[in-house]
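The values are calculated or read from the model by the stated rules, or taken from the named source; none is laboratory data. Note that this is a predicted model, so its numbers are computed, not measured. Counting neighbours? That spans all protein chains shown, and the Cβs are built from the backbone with ideal geometry, glycine included. Ligands, DNA and RNA are excluded from the accessible area calculation, which covers all protein heavy atoms including side chains. Shrake-Rupley method; radii C 1.70, N 1.55, O 1.52, S 1.80 Å.
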Amino acid sequence: MAQAVWGTLLRLALCAGAVCTTSSTAFLYHDYCVIGAGPSGLQIAYFLQQAGRDYIVFERSHAPGSFFALYPRHRKLISINKQYTGKSNSEFNLRHDWNSLLSHDHRLLFRHYSHDFFPDADTMVRYLEDFASLLKLQVQYNTAIVHVTLDRDQQAWNGHHFILTDQSRQNYKCSSLLVATGTWVPNVVNFPGSEYVEGYETVSINPEDFAGQTVLILGRGNSAFETAENILGVTNFIHMVSRSRVRLSWATHYVGDLRAINNGLLDTYQLKSLDGLLEGDLEDLAIVKDKKGKLHITLRFYLENRNTSAGINSITLPQDELDNFATRAPYDRVIRCLGWKFDFSIYNRSLRLMPGKGNKKKYPQIKPSYESRGTRGLFVLGTASHSVDFRKSAGGFIHGFRYTTRAVHRLLENRHHGVPWPSTVYPVIQLTNSIIKRVNEASGLYQMFSVLADIILLRENATTFEYLEEYPVGVLAELETLTGRKAPNGLFVIIMEYGRNFSGADKDVFYYNRAVGEAQHAWQSNFLHPVIYYYKRLPTEREMRLRPPDWSLPRPDAIHHIVEDFLTDWTAPNAHILPLRRFLENCVGTDLRNFFAESCFLFAFTRQKLPPFCQQGYVRMQGLVGIKRLQRHAVDAGLLEDYTAADFTGDRLLGSPEGSQDQLLRDRAMPVSPLQHLVTAKDEL
């Protein structure tokens, strides 16, 4: 807190009127600078504005969401917009709304803008414009940031300020930099003849322009299949070549892989209708153009030490040696659809913002907290932050990064303003209910499975607990520092996971007996399901670093899988709630059952220690009011005896004081719900 106060005083002293002066250079100062007014930029702007922070968003275009003004080229989004779920719970419904940003304004739900299951991209542009204007976000349009560098200052929040320069050479100074530019630079592969290739960003979207043509598409993602789908009915045939085999989203459970809406070419390929898929390294290819304008595919090594300008007749083609070479037929057009990458060009080397490695090289290197590995105070948001969960979860898409962006904001609030991570304290008897409620409703856990988790911090003697929502599990070891909360007495981590061997390009996800239905086999669940990890102490950074690559968390002291459910409704008393409650009881060493007042009354006379529910409820005169309708329901369900019924044997009423006392002493603990009735009836599973 002291650091935050000192930083504020320093800013007021040096930057009166939001104008800073260093030597002869004037800077416009803001605590937070956001580059890019796409979905993630607007999302962080909303949270900063709600918190009353000093911020500015820079957008190079005249309106927000400029990426969606051009892409996807054929204008149909692949993010679902489910209008109806059968439920009115707004948090649950966000699980199936992949386009809305988070806000308090219910007018800004995407279902009010489109009824299409796969909406038009122009609708997204209009939605983002309304989001920025209705919430009065501080966006500075027509401002292209062309250079970013550091200015060392030990008095600054992070030991330096960020200096941003726009296209008009106006300079801005910020204490924290939030990069929300996405990935928008097209991926280009250079090889001999690549000048004949058309890019996805400029190729015609009019199918008539391809009538009667033979087309080769480079790439195998959704943009490639989207392009093929558009011209499938008018071309002679389409071939598609890429380094890797096709990955179907229903097999990998990754929404960035090929979606069913675009996969018509797979039908025509497998059903013998001329189209086809090939695998090969694009850098090994070469394209030669003949006198008729036809494009011939050959291999790079055939062109080595040869004069390509001498004509195609002097160049060896693969079919000269292998007469059934797959791409021996000439093509009329070759289209590049290889996706996009992050623009590193505007960042000075002093920021040490470096590309990732391997298949993550299109993203900047960041920590699981979304902060740059090279520069403190530089956070990457939105699609560009997808390296944290690439091919794993939904962090590269709106329905995922709206939650990771909120997590970054909470980290910033704690670091710079002394505002701890939001939490709620409950009595321990609410432990089971709290978990069941979240796993059945929470959208952040559901969309960012294996990445964001709810954290339950146990208080001393396990009489109460503190509940934190949607914390990045990759920085679990730093929880106390990053959240301002303490975890001295153990913790639970609630996360959603798929089965370990259920996802992959080569997996058959439709095999017989693929689903698990019995609680005792819950650990073998394949579909997305809740998993609860219990740690007696906070895991260390070393334990996090040494965990197996495919594990979200290090080995816990205890673990519990809630068995998968076909309806994703984990409220079944016997299959879901009872096993969870017993797991929690074993971990905390406390009886977590609920009881009727009659049972608590009996325990008060027959036990030395009352169960927590009786201590925190009955003894404090809290609990359900015994109205006639509730009593009749309990009697009909077999949970209570009908004390109002007359017992004429011996001319004594069962409801009399003497009869009631005898009956009460004969009965055992009477539970509060059908679930508890199962517990007392069966005792153990």
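Points to keep in mind about this one:
One line per residue, one yes/no per condition, for (1) open to solvent by 60 Å² or more (accessible area, probe 1.4 Å); (2) basic (Lys, Arg); (3) not in a loop (DSSP other than H, G, I, E, B):
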{"residue": "Arg542", "(1), (2), (3)": "yes, yes, yes"}
{"residue": "Arg547", "(1), (2), (3)": "yes, yes, no"}
{"residue": "Pro556", "(1), (2), (3)": "no, no, no"}
{"residue": "Phe566", "(1), (2), (3)": "yes, no, no"}
{"residue": "Asp569", "(1), (2), (3)": "no, no, no"}
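- Residue satisfying condition, being crowded, with 17+ Cβ neighbours inside 10 Å, in contact (Cβ under 8 Å) with a residue 12 or more places away in the chain and over 23 Å from Ala477 (Cα atoms), within set Ile429, Ile455, Ile435: Ile429
- Enumeration of residues in the stretch 481-499 that are of a type outside the set (S, T, N, Q), in contact with a Pro (Cβ under 9 Å, 6 or more places away or on another chain) and more than 20 Å from His529 (Cβ to Cβ): Leu482, Gly484, Arg485
- If you go through the stretch 76-91 and keep only what is within 29 Å of Lys136 (Cβ to Cβ) and touching a residue at least 40 places away in the same chain (Cβ under 8 Å), you end up with Leu77, Ser79, Asn89, Glu91.
- The number of residues in the stretch 459-492 that are on the phi > 0 side of the Ramachandran plot, open to solvent by 10 Å² or more (accessible area, probe 1.4 Å) and part of a strand (DSSP E or B) comes to 0.
- Residue check, Gln167 more than 30 Å from the chain's Cα centre (by Cα) and either within 30 Å of Ser372 (Cα to Cα) or surrounded by 14 or more Cβ atoms within 10 Å (Cβ to Cβ) (or both): yes
- Scanning the stretch 101-123 for residues that are buried (at least 18 other Cβ atoms within 10 Å of the Cβ), free of Cβ contacts under 8 Å to residues at least 60 places away in the same chain and in a loop (DSSP other than H, G, I, E, B) returns Ser103, Leu109, Tyr113, Ser114, Pro119.
- Ala45 fulfils the conditions (1) in a strand (DSSP E or B); (2) of a type in the set (A, V, I, L, M); (3) at pLDDT 95 or above except for a single criterion, (1).
- Pairs with Cβ under 8 Å, 6+ apart, first in the stretch 277-297 and without any contact (Cβ under 8 Å) to a residue 60 or more places away in the chain, second in a strand (DSSP E or B) and β-branched (Val, Ile, Thr): Leu277/Val241; Leu278/Val241; Glu279/Val241; Gly280/Val241; His296/Ile287; His296/Val288
- Filter pass, Leu610 being in a helix (DSSP H, G or I), modelled with pLDDT under 95 and surrounded by fewer than 21 Cβ atoms within 10 Å (Cβ to Cβ): no
- The listed residues are Leu150, Leu177, and the only one of them that is part of a strand (DSSP E or B), open to solvent by less than 20 Å² (accessible area, probe 1.4 Å) and touching a strand residue (DSSP E or B) at 6+ places or on another chain (Cβ under 6 Å) turns out to be Leu177.
- Cβ pairs under 9 Å, 6+ apart, first in the stretch 512-527 and part of a loop (DSSP other than H, G, I, E, B) and open to solvent by less than 70 Å² (accessible area, probe 1.4 Å), second hydroxyl-bearing (Ser, Thr, Tyr) and modelled with pLDDT of 90 or more: Ala515/Ser525; Val516/Ser525; Ser525/Tyr498; Asn526/Tyr498
- Flag if Arg126 is touching a residue at least 12 places away in the same chain (Cβ under 8 Å) and assigned to a loop (DSSP other than H, G, I, E, B): no
- Scanning the stretch 493-509 for residues that are part of a loop (DSSP other than H, G, I, E, B) and either of a type outside the set (Gly, Ala, Ser) or at positive phi (or both) gives Tyr498, Arg500, Asn501, Phe502, Gly504, Asp506, Lys507, Asp508, Val509.
- Residue match in the stretch 197-214 (condition: in contact with a strand residue (DSSP E or B) (Cβ under 9 Å, 6 or more places away or on another chain), of a type outside the set (Val, Ile, Thr), touching a residue at least 12 places away in the same chain (Cβ under 8 Å) and within 26 Å of Val388 (Cα to Cα)): no
- Cross-chain or 6+ apart pairs with Cβ under 8 Å, the stretch 374-399 first and open to solvent by 10 Å² or more (accessible area, probe 1.4 Å), then basic (Lys, Arg) and not in a loop (DSSP other than H, G, I, E, B): Ser387/Lys360; Phe390/Lys360
- Number of positions in the stretch 351-361 that are open to solvent by 40 Å² or more (accessible area, probe 1.4 Å) and either under 19 Å from Leu164 (Cβ atoms) or touching a His at 6+ places or on another chain (Cβ under 9 Å) (or both): 2
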